[in-house]
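Student: Sharing a structure below in structure tokens format, with a few things to ask.
Just so it is clear, none of the values below were taken in a lab; they were calculated from the coordinates. Worth saying up front: this structure is predicted, and the values here are computed from it rather than measured. Methodologically, a virtual Cβ is constructed for each residue, glycine included, from the backbone with ideal geometry; neighbour enumeration extends over all protein chains shown.
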Amino acid sequence: MSAHPHRPEGDGPRTGPGRRARAVRLGPRSIAALVLVSAIGVMAFGWPLLADSASGLAHSRDAPWLFAALLPMLLAVVVATIADTGLDAKAIAMLGVLAAAGAAMRPLGAGTAGIEPMFFLMVLSGRVLGPGFGFVLGSVAMFASALLTGGVGPWMPFQMLSMGWVSMGAGLLPGPDRLRGRRELAVLAAYGAVSALLYGLVMNLQGWPYIGGMASGVSFVPGDPLDQNLARYLAYCLATSLGWDLPRALATVLLTCTLGGTVLKALRRATRRAAFDVPVSFTRDPPGGAAAP
């Protein structure tokens, strides 16, 4: 008896127009887990702006609790995805390879004006493999890179969540089955630039409440009106992280425009050969031990 992927007679590649093969297809439980984690993540990032004057510096005491709470929730996304859609060995292998590649690419720009080649790979992978795989990949790759670079700390779950959003957003971009060539690269480059800037903007919220206190003009003041804290926050971003966020966005655009076409073809070829959507069937070998054609 032999096992082989079986495709009904006359079917073309599952990655052709009209349908894109995905390593992870989002089901009801997967979507619910993603929505829950994203909602809690938004609150975890944004609640300092709503803190009252008696709360002290936001995140200075709650970060370890958020670290302990967000990681199981991110894991729950993976578990729900496996239960809902059957993340098979091929998808797990591809996840491992891409996460390892992303983790290895991140240190390449460490300390060099915020240049992070990892963004380029996460955006393209999310585009090809879909939002579900993209979210899991972004989170796992950031976790692996933190272990690789010794960047484990209370900020790590925030980085994992933010990178998951970046890669998931790429999978939600329009025209996955129709848009190709220069137009697709232009869309991905624009998205990569915006997401790289937003990543820095969002991640600043994690550290601003207690780091910004060193400078009164950009400090977080619990209990102050929202517009005043937002003005201080924007001033803090301009003064501290913009010099890192802009090079990250520029590097993402350049890598997408120069290497994006090749990487997209490689990812789509690997996805097509993995045949994620093709069910496995078993056929009985004929007498004599020869496999059935």
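Student: Residue separation times 0.36 nm, minus the C-alpha to C-alpha distance between Ala186 and Ala32: what's the value?
Tutor: Numbers: separation 154, 0.36 × 154 = 55.44 nm, distance 3.17 nm.
Working it through step by step, the gained length comes to 52.3 nm.
Student: Describe numerically, in nm with one decimal, the distance between label points set 7 Å from Cα along Cα→Cβ at Met43 and at Asp177.
Tutor: Once both label points are built, they end up 3.7 nm from each other.
Student: Right, next: Out of every Cα-Cα pair in the range 140-244, what percent are more than 16 Å apart? Mind dumping the intermediate values first?
Tutor: Values: 3625 of 5460 pairs.
So the pairs more than 16 Å apart make up 66 percent of the total in the range 140-244.
Student: Also: Could you calculate the contour length gain from Leu148 to Ala266, that is, 0.36 nm times the residue separation minus the distance between their Cα atoms, to one decimal place in nm? Before the final figure, lay out the partial values.
Tutor: Working: separation 118, 0.36 × 118 = 42.48 nm, distance 2.57 nm.
Full extension of this stretch gives 39.9 nm more.
Student: I've got another one for you. By the scheme Lys and Arg +1, Asp and Glu -1, what is the net charge of all other residues having a beta-carbon under 14 Å from that of Val187?
Tutor: +3
Student: Using only the Cα atoms of the range 228-271, build the gyration tensor, take square roots of its eigenvalues as a ≥ b ≥ c, and label the shape rounded, prolate or oblate: rounded if a/c is under 1.5, else prolate if a/b is larger than b/c, else oblate. Walk me through the numbers before you get to the answer.
Tutor: Details: a/c = 6.41, a/b = 3.08, b/c = 2.08.
Note, shape of the range 228-271 comes out prolate.
Student: Please find the FRET efficiency linking Ile92 to Ala239, where r is the Cβ-Cβ separation and R0 is fixed at 41 Å, and quote it to the nearest 0.05.
Tutor: Here the calculated transfer efficiency is 0.40.
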